[in-house]
Every structure is written in structure tokens, then in C-alpha cells.
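Inspection log for the structure reproduced underneath, given as C-alpha cells.
The values are calculated or read from the model by the stated rules, or taken from the named source; none is laboratory data. Small disclaimer: the values here were computed from a predicted structure and weren't measured. With ideal geometry, Cβ positions are generated from the backbone for all residues, glycine too; neighbour counts draw on all protein chains shown. Quick note on the areas: whole protein, heavy atoms, side chains included, nothing else; ligands and nucleic acids left out. Shrake-Rupley method; radii C 1.70, N 1.55, O 1.52, S 1.80 Å.
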Amino acid sequence: MISSVRGWFRRNRTPIAIGVGIVGAGYVVSQYVMSKISDARERMTSERISKENLRRRFEQNQEDCTFTVLALLPTAASNVLAEMNTEQITYEIQQAKTAKVIKSNPAGGSPTPPSIADTTLTEDDSKSSIMSESGIHASQASLPPLTSVPEDAAQDGTSAKPRRSKRQLWDDLIISSVTRSFTLIYTLALLTMLTRVQLNLLGRRSYLSSVVALATGVQSATISLENNDDDNTDQAYGTDFDTNRKYLTFSWWLLNKGWVDIMKTVDSAVRSVFGTLNPRDLISFDRLSDLIIEVRRQIEGSTQEERRSANWLKYLLPPQDQEDEVIRQSGILEDNSAQHGLPAQPSPEALRRLLDETADLIESPAFCHVLTLLLDAGFSTLVEKKLATEAFEIPIDESGFMANVITEAKQSKVVLLPKILSVLTRQAHVIGNGVPNEYLQDMEAVRGLEAFAAVVYSSNWESEVRGDGLMESAVHVKPSDATATTPAKQTEKTPVSTQADQSIVMVDNQDSFESAWEKAVEAK
């Protein structure tokens, strides 16, 4: 039996060897294929998780931008409202009206403020009814009685300001109410754009820091969603807390200095357009829209080319010789000196690079284009939502905007200029301090804003990796340990080499910011 089996194996050893070889080869091949499929599945899962983390991180960044704007806007609003006190001018107009009534009827006593219902529109004094209709702001409740005279002014007549005529007061009221609301819209739009640029640049740096930390083995898990730079001031990957804090401080310029230049520019345009109006003028909705468009043309430019090349940088960032003054005004230098007992150090290279890139972004045509869209949204809210309903009483559709089919009312229905001024005066407080802020909501609903933020967040990876010294801090990593790719759209990949000629991070050979913006616009 055994000999017969041996004989059979001896006679069929070649086919058996071939069969065993085929089975073994099949097993090896199947294991190889399974390992490749498993690797591909893991890679796809990892990429999906990375993209999801990046998406969530980007969305969180945009929410941070919104809360930051809401936190900073009251500072600029309080400065603008204090500088252009439209309510005080209105109060002086009503004082002049009351003084005239007392003079014409000495025995009548102190009259109460006139209301729009019991005031007859005469040529000289009826225009003061704007005060009663406007309901301008709660601050008016603290104003003294109309017949009262400040004690200091009564005792020292030389210190009082020269009295303005009623016509001068009305001219000032027209310019002040229009300029104030327009200045706040421009300030809100610029603050929204500046915050988007700043936080998305820092978000990009933080994301790259997480990528390199993961590649070097500092992080054992996936890319972090949260930015924990505040908890670790010794970060070695270009996201140090002190640089970020100094960089964010530069919004101080717009909130305390830049808005003044905006106000002067707006004031000049408003005077040239609205300066010829009379308080007794009857204004139609279409004419008011044309006047506002003309003001915007003088400020932003009358052609598309002029708008694309508009200089907004002077409103948003200080000249280089005043950068240290901005940081000093914020108190950061004093805080650092108090904490470490060391003299203030000059701005680091990372801060200089951030400021330079911010300036380049602000001067780009894409920035001007998106800013124009935000201004369109802001002025559309003011004109088609607020003025149309509150001043002209034109019906609005479900979206809250004026119905497009109502053309006859826009052309034929006219209102007195003071009624328009009263709405503008109220809306100035809504723009600066409204909660929720409708103007900010409508601006952030502009699709181009999110596209612009996405381009800022995902562009210029290579210079960020090279410039922040991320690779120098990862030079000890072996090629088998890490090859991380940026989540931006992959084109031609260029390896970033270290001193040991080891590729650590693969970054895109990307085009300029303008090219990235053009691609984003084409994809919309």
C-alpha cells in the first residue's frame, strides 16, 4: 500500500509540483491583492477623514470670523456715532423751532415738542417735524428740555459755539445722517473682509502645523480640529501665540484710525451729491437710488476697472513706520514685558510675512470684487429693505426685499427728505449695534465671500511651509514615517527637501492667488 502510494507520487511528482506551485502562487497573489485593497481602503478613509476635518475646520473658522466681527464692530460704531452726532443737530433744530414759537407767543409757556401729526408744513419751520417721527435713539430721552439753557453757557456766553442758522442746521443734518449710515456700511464691509483674511491666514498656518506635527509623530491621532495654540505658547511649527496676537491686533487700525479716512471720503462724496438738496424736496425711490449709486461711484469708482484697482489698503493696515505704534497702542508690548521681564522685541519674520501677504490680498482684484459684492448687499438692505418700507411704505416680498413688480410706486410715490433722514438716522444704530445684525447677515450670505475665504485658506501652501520653517523642525523624520499631502486641489506636486534630501511634505506647485481665485470663480 505504502509502496504503491510512493510509486504514484513518483510517477506524478511533476504535475503535483506544478499544482502546489500554482496554489502557492495564487495564495501569494491573493494576499498581495488583499493587502493592496486594504491599503487603498485605509488611504481612502484617511483622505475622507482629512477632508472632513478640513471642511469642518474651515466652517468653524468662518463662524469665528462672524463672532469676531460682531465683537469688534461696536468699537467702530461708537466712534462713528460720537463723531457724527446727528441727534444733537436734530435737537438744535427743534430748539430753534421752539424758540420761534415762544417768541411769537410769549404767554403760551413752554410748548411740548411738535409731532408729525399736528405740524403744518410751512416754508420756514415745519421741517422740524423730523424729530418727532424719527424715534432716532434712546439717547434722545436724556436730552434736556427744549427751553432749558446749559448753565455754563448762560454764565459764560463767550465760550458757547456760534449759533447756526436753521438752514445751516438742516444742511448739516442732511450730510451727517447720510454720511454716518454710509460710513458704517463701508466700515462693516471692510471689517468683514479684513477679519476673513486674518483668520483664514492663521487657520491655514494652524492646519499646516497640524499636518507637520502628525508627520513628525508629535501627534499620534489625525489632524486636530481645534487650534490649541493658546494652550501651548512654545509651538515649534510657526503658530506661536504671540505672533498671532500681534497680527490680529492690526484690526485696531480700522477701528480707531481707518474709519476716519473712510468718513472723510464718504463725506466728500455725500456733499457733492446730497449737498444741493433742500429739506422741503420731495424724493422718489428711484431718485434716491440714483443718488446713492452716484455716491458709491465717487467712492469706489465709476467703472469696473476703477473698482478693481481701488486702494482700500490705507483704511485697513497702517504704513510700516506706524506698525509698532499700533502694537504699542494695543498694550501687547507692555504685557510681554511684564510677563517675561524683557524689553520689547522687534516684529518677528513670521509677523512681517503675514502682514505682507495680507497687504497683497487686500490689493488684489479679487478682494475689491468681493468687497463690491458685500457693499451691494449692505446698500441693498438699507435701500430695498429699510428705506423702501419705512420711508416709502412700499410692500416687500417674502425674502424681506422690495417686490420687483412694484415699479409705478418706485417712480411716482414721493416723500419729504426729512422722512428719509429719520430712517437713515435710526439705521445707523442698527448697522453698528443691531443684534442680530441684518446687514452683516446679508453680507455673509454673499457666495463670493465664502469662495474668497476658501481661496485664502487653501492657497500659497508652499511658501507657508517654506517660510515658517516647518521643514527644518521635521528634518529628523524618516521617509517611511511620513509623507503628508495638503488637502488643497492636487496638481503637479513638488517635494520639499530637507538637509538630508528627504521629502517630508508634498505641496502643490500652485499658481498665484489670482489664478486660484479665477479657478474658484469658474467652478461656481
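Rundown of residues vs (1) more than 29 Å from the chain's Cα centre (by Cα); (2) modelled with pLDDT under 75; (3) surrounded by 14 or more Cβ atoms within 10 Å (Cβ to Cβ); (4) not small (Gly, Ala, Ser), yes/no style:
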| site | (1), (2), (3), (4) |
| --- | --- |
| Gln339 | yes, yes, no, yes |
| Ser347 | no, yes, yes, no |
| His369 | no, no, yes, yes |
| Leu373 | no, no, yes, yes |
| Thr381 | no, no, yes, yes |
| Ile394 | yes, no, yes, yes |
| Asp397 | no, yes, no, yes |
| Met402 | no, yes, yes, yes |
Inset, instruction - Can you give me the number of residues within the range 162-184 that are crowded, with 24+ Cβ neighbours inside 10 Å and more than 14 Å from Leu277 (Cβ to Cβ)? - result: 5
Inset, instruction - Go through (1) more than 30 Å from Asn278 (Cβ to Cβ); (2) modelled with pLDDT of 95 or more; (3) open to solvent by less than 10 Å² (accessible area, probe 1.4 Å) and name the single condition Ala377 misses. - result: (3)
Inset, instruction - May I ask you to say which residue of Glu87, Glu83 is within 30 Å of Ser422 (Cα to Cα) and open to solvent by less than 50 Å² (accessible area, probe 1.4 Å)? - result: Glu87
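Within the bounds of the range 221-235, is there any residue that is at pLDDT 65 or above and touching a helix residue (DSSP H, G or I) at 6+ places or on another chain (Cβ under 9 Å)?
Keep residues of the range 221-235 that are at pLDDT 65 or above, which gives none.
No, every residue in the range 221-235 fails to be at pLDDT 65 or above and touching a helix residue (DSSP H, G or I) at 6+ places or on another chain (Cβ under 9 Å).
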Legend entry - Selection count where residues are modelled with pLDDT of 50 or more, outside any helix (DSSP H, G or I) and under 45 Å from the mean Cα position of the chain (by Cα), scope the range 66-123: 2
Inset, instruction - Starting from the range 299-311, take each residue that is over 11 Å from Leu371 (Cα atoms) and of a type outside the set (Phe, Trp, Tyr) and list its partners that are open to solvent by 30 Å² or more (accessible area, probe 1.4 Å) and outside any loop (DSSP other than H, G, I, E, B), counting only C-beta distances under 7 angstrom and pairs at least six apart or across chains. - result: Ile299/Thr265; Gly301/Arg307
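Any idea which of Val455, Val430, Val496, Val415 is within 25 Å of Leu354 (Cα to Cα) and at pLDDT 60 or above? Please lay out each step first, then the result.
Details: Val430 fails: within 25 Å of Leu354 (Cα to Cα); Val496 fails: at pLDDT 60 or above; Val415 fails: within 25 Å of Leu354 (Cα to Cα).
That would be Val455, the only listed residue that is within 25 Å of Leu354 (Cα to Cα) and at pLDDT 60 or above.
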Legend entry - the range 248-266 residues that are farther than 14 Å from Thr192 by Cβ and open to solvent by 50 Å² or more (accessible area, probe 1.4 Å), paired with ones that are at pLDDT 95 or above and aromatic (Phe, Trp, Tyr) (beta carbon under 8 Å, 6 or more apart): Asp261/Tyr315
Inset, instruction - For the range 14-36, indicate whether the set of residues that are among the charged types (D, E, K, R) and either open to solvent by less than 50 Å² (accessible area, probe 1.4 Å) or over 30 Å from Gly258 (Cα atoms) (or both) is non-empty. - result: yes
Legend entry - Hits in the range 260-295 - residues which are part of a helix (DSSP H, G or I), in contact with a helix residue (DSSP H, G or I) (Cβ under 7 Å, 6 or more places away or on another chain) and either more than 18 Å from Leu173 (Cβ to Cβ) or not aliphatic (A, V, I, L, M) (or both): Asp261, Ile262, Thr265, Asp267, Arg271, Ser272, Phe274, Phe285, Asp286, Ser289, Glu294
Legend entry - Close pairs (8 angstrom Cβ cut-off, 6 or more residues apart or separate chains): touching a residue at least 60 places away in the same chain (Cβ under 8 Å) and outside any helix (DSSP H, G or I) in the range 357-386, surrounded by 21 or more Cβ atoms within 10 Å (Cβ to Cβ) and not small (Gly, Ala, Ser) anywhere: Ser364/Trp517
